[in-house]
Every structure is written in structure tokens, then in C-alpha cells.
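Down below is the structure, laid out as C-alpha cells.
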Amino acid sequence: MTRAADGPTASGERSAAAGVNYGNISTGDNARFMHLDPGALKSPEQVPPPAGLWNVPRRPSRVFVGRDQVMDDVAQALASGRRGVIGQSVAGLGGVGKTEVALHHAHACRERYTGVWWVGADSRTNLTAGLAALAHRLAPATTVLPDEQAEAWASAWLYHHDGWLLILDNVEDPGDIETLLGGVDSGRVLVTTRRDIDWTGYGLTPIRLSTLTQAEAVQMLCERTRQDDQTAAAGIADYLGYLPLALEQAAAYINHHHIPMAAYHDRLDDERAGQLLAGIAPGQNAQRAVTRVWALTLAALSTTNPIAVEILHVLAWLAPDDVPRDLITMLTDGDQTTADLALGVLASYSMATLDETTVSTHRLVQTVLRLTLPASQTTTDPSSQAIQLLNTAVPANPGGDPAGWPRWRDLLPHITALTNHLPHSTDTTLSRLLNETGVFERGQGLYQQAELHSTQALAITEAALGPEHPDVAISLGNLAS
């Protein structure tokens, strides 16, 4: 019991009582105090759309053929004058150009909207982070809120305003966006997805994006390579199943090596070029075709810059977008020049997309790499490298040091992706990483994610060390918290 002289009393463990208090009282382990000036955190309806609101990850490809009708359909649907939120979904195989359609629409129709905001929506975690970032952009004071509260603030802002375009890229689970779509009453939503389901039930007008025709594929190859061998271009296009990403990869290889398209076509017919494809299921023609292209590219990279291939294999285990570039420098033992050279080569082959601070790779590239072993038998397993990389990169004291929270937010999608790729891991380093992740998420109010990651950490620890090991008790304690 705590007693204040001639004042109130409080009973119970770690209780406090005060007569007059001019400051803060905390009896918790992870308490946070934030000072805001009166009125600093405005309600969503009080915040007008800022001029030039724009968050689109990159410019669209300059060579973009065979999509005129799709672009018209998207533009017309989103230009509808009817009231309420208007949604459009663009579905199709990975690499067919769904994201390019969204990029081209955003840039071509930018003046139609009061603002354009792009969110990577391949997981619930990334959706929350993307909408929280919108809240932070609109009202900087929302940075004091946990991400889930900032997401709710952004959703409320979308409800109270009109004229915006929200792009949700690569939605995997329609349930992730169902509440969002049901809670907004105006604006425009453009969804890209590999899921070919009945999106009309979610209020979206669906468009199915198919591969190119032969003529369109030939045109793309000839324009991209600046070569006019239509016979060779037709042969390459035939072999690659007219998949835009595969054609883009082929053109990048041809341009980098300054070879005729006919020579590239001959190499595709060489069965040795497909040795890395053993893990790909038969019958997936377009996917098998694109992996053949990447097999050729990896073979060339292994000769010219083997470090680039090692980096690419590690990137395959992380989230596809926004990998901090300093992680790549960590993979090269702090050698910035080596890291930059390797990334430059990967970009020249269209195997990675770079900006000043991040690296992105295509999901299908990642899938192929996870299914294939590195050519060098002396290379450490890439998934183990990815685990060690993130374990080293995360800041200490995730629950109590606010200075490390922005870094945690940047790394959280990659920790989630890595864990999803390794559902049966018994790596105790991964368990330690997940325990720390759960502590961070708990402090941010992300309780469902914290429970999931703490449960995974417990399962790994028990499988690796047995149920009686002291580390199991630590994992149980974190899960109980």
C-alpha cells in the first residue's frame, strides 16, 4: 500500500497515490510518454488533402505495349461519376504486368486526383504500415500512435474526403482489405492481385490481365532491344509464353551482352540453360519460361559478378520491396563499393530495382531462387544468411528504446516474409529474432502479430531444444505477456 500524507491512498502491488501531481506517474515496465501541443493531433475530418499528395514507388516502363484496352477500361471505371467508393481490381499471373498497369494509370491520370497513395498490400502487416505512413504524411502528430491506430486514422481520413486514388498492390488475401473497402465512402481504389476470385463481392470491378499476343510481344522485344529481327523475336516470344516480365528479362540480357536476338534464341534452346529449373512443377508454362530466362541471367552473373548472385539468393528470402540498402552492405562485410557494384549489375539485368535507399526484387524471381540451390557448394545456405542478417540488423531493446523503432518498422515486413518462407525452421537464431519482434510489436499495440511471432518463436525453440530447456521458459514468458 502506498499512502500520501493526509491524502488519498492506493492499494495493490506497484500502485501509486498522489494528492497534487504536476508530472507523470508510471508503474509499468514499458510506459511511454509523448508531449503534444494542444490541438496538434487533429481529427481526420479537420485535415484537408495536401497539395501534391503523391506516393508512387517508381516511374512506369517506357516500353509498354498491348495494354491500351486495359488502360482504357481502368480509366473509364475509375472516372465513373457515381457516388461512393469506386474500386477496380486487375488480376493475373506474376509478371504479366499488373503493377505496370497501375503505375501507368497513376502517372497518366495524376491530375484527376487530389492525391495518389500507393500501398504494398501483400500482407496485413504491410497494409497496416502503408496506411500508417499515409496518416504520418497527412498529420505528422500521428507518429506518436501505434501503427494500428495510425491506420485507423488514415481510414477515417479516406472516409471523410473525396477525389483520392488509393492503389493496393499485390493483394494476396481479400480479407486483408475487406474492412478498409467497407469503411470508406468516397474516392477511388485500384487493386492489383494474383488472386483470380470474385472481386465483385468486395465492391471491385474485375479485369483479368492476360499475356501479350505474339505481335505485341514481338513489338516489345524489337522496341526494347532496338533490333528488327522479327523472326528471332517471334521465336523468343513463343518460347517465353508472351509473358511481359520474361520478355523484359530477355531484352535486358540481350542489351547487356550486345548480342543479336537470334543468338539469344539459340541459347534458350540449349537444354543446359534449364538446369536450375529442377524445382519447378511441370505444366506451369509461363512460369517455367520465365525461370529459363533467369537461369541464363544467373549463369552470366555467376561469371561476371558471383557476389551479385549470392546477394540475390539472400534477397529471395525477404519481402520483395523496400529492402534497406545498408543490409546489402552488411552482406559484403561493410564494403560499400562492392555492394554498389553488385547492385548495379543486378539492376542492369532487371533482376533488381534500386533507389537511393532501398532494393526491390520481383516476387517470381524470388520464388525461382528459393526453389534452386546456389551454384557454389561452398556458399552458406541463403535462408540462414537472411536469418543472421536480420538478427544482426535489428536494434536492441525493442520495447524500450524509441530511437530504434523506425528501423524496426523498416525491417518488420522482411522478418514476416522470412518467417512465412520457413514454416518448419528449427533455427534458434530465428527464434531469438521472433522473440524480439514480438516484444517490439507488443509495445506498438500490434497484439495479433506479436502473438503470432511469439508463438512461432516458442515452436522453434521447443523443436530445437526440447520442452524442458530454459529458453522455452523465456519464449513462454514473452507469449504470456
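Here, each number is a calculation from the coordinates, and none is a lab measurement. Being a predicted model, the structure only gives us computed values, none of them experimental. A quick note on method: Cβ atoms are made from the backbone with ideal geometry, for glycine too, and the neighbour counts reach across all protein chains shown.
Details
- Full extension of the chain between Ile259 and Ser481 gives 73.8 nm of extra length, using 0.36 nm per residue less the Cα-Cα distance.
- Residues in the stretch 332-339 carry Karplus couplings, in order, of 9, 6, x, 7, 4, 5, 4, 4 Hz; the curve used is 6.51 cos²θ - 1.76 cosθ + 1.60 with θ = phi - 60°, and Gly or Pro positions show x.
- Karplus-derived HN-Hα couplings along the stretch 197-208 (A = 6.51, B = -1.76, C = 1.60, θ = phi - 60°), whole Hz, x at Gly and Pro: 10, 7, 6, 5, x, 9, x, 10, 8, x, 10, 9
- For the stretch 211-269, the C-alpha radius of gyration sits at 0.93 times the compact-globule guess of 2.2 N^0.38 Å, with N the residue count.
- The residues neighbouring Ala480, those whose beta-carbon lies less than 13 Å from its own, together hold a net charge of 0 under the Lys/Arg +1, Asp/Glu -1 convention.
- From largest to smallest, the equivalent ellipsoid semi-axes obtained for the chain from the alpha-carbon gyration tensor read 44, 31, 18 Å.
- Rg and Dmax of the stretch 293-340, based on Cα coordinates, read 11.2, 31 Å.
- Gyration tensor (alpha-carbon) shape descriptor, the stretch 382-480, a/c threshold 1.5: oblate
- Inter-label distance for Ala40 and Asp173, nm, one decimal - labels placed 7 Å from Cα along Cα-to-Cβ: 3.5
- Counting DSSP beta bridges with both ends in the chain, the antiparallel % (nearest 5): 20
- Sequence-distant residues sharing a close amide H with Val189 (under 5 Å, placed H): Ile86, Gly87, Gln88, Leu166
- Near the amide H of Asp381, within less than 5 Å, lie no amide hydrogens of residues on another chain or at least 5 residues away, with H placed in the peptide plane.
- Cα-based helix-to-principal-axis angle, 405-421 vs the chain, degrees rounded to 10: 60
- Net charge of Cβ neighbours under 14 Å - reference Tyr113; Lys, Arg +1; Asp, Glu -1: +1
- Multiplying the residue separation of Gln448 and Gln149 by 0.36 nm and subtracting their alpha-carbon distance yields 106.3 nm.
- Modelled spin labels at Gln69 and Leu341, positioned 7 Å past Cα toward Cβ, are 4.9 nm from each other.
- Near the amide H of Trp54, within less than 5 Å, lie the amide hydrogens of Val116, all on another chain or at least 5 residues away, with H placed in the peptide plane.
- A Förster distance of 25 Å, applied to the separation of the beta-carbon atoms of Ser186 and Ala77, puts the FRET efficiency at 0.95.
- Net +/- balance of residues flanking His160 in space, Cβ distance below 14 Å, scoring K and R +1, D and E -1: -2
- Entry note, the chain: relative contact order of 11 percent, from Cα contacts under 8 Å with a spacing of 6+ residues.
- If you wrap the tightest convex hull around every Cα atom of the stretch 296-450 and split its volume per residue, you get 116 Å³.
- Computed from Cα atoms, the angle from the helix 382-393 axis to the main principal axis of the chain rounds to 40 degrees.
- Karplus-derived 3J(HN,Hα) values for the stretch 224-233, using 6.51 cos²θ - 1.76 cosθ + 1.60 with θ = phi - 60°, are 6, 9, 6, 10, 10, 8, 5, 5, 5, 4 Hz; glycine and proline are entered as x.
- Label-point separation in nm, Ser302 to Tyr159, each point 7 Å along Cα→Cβ: 5.6
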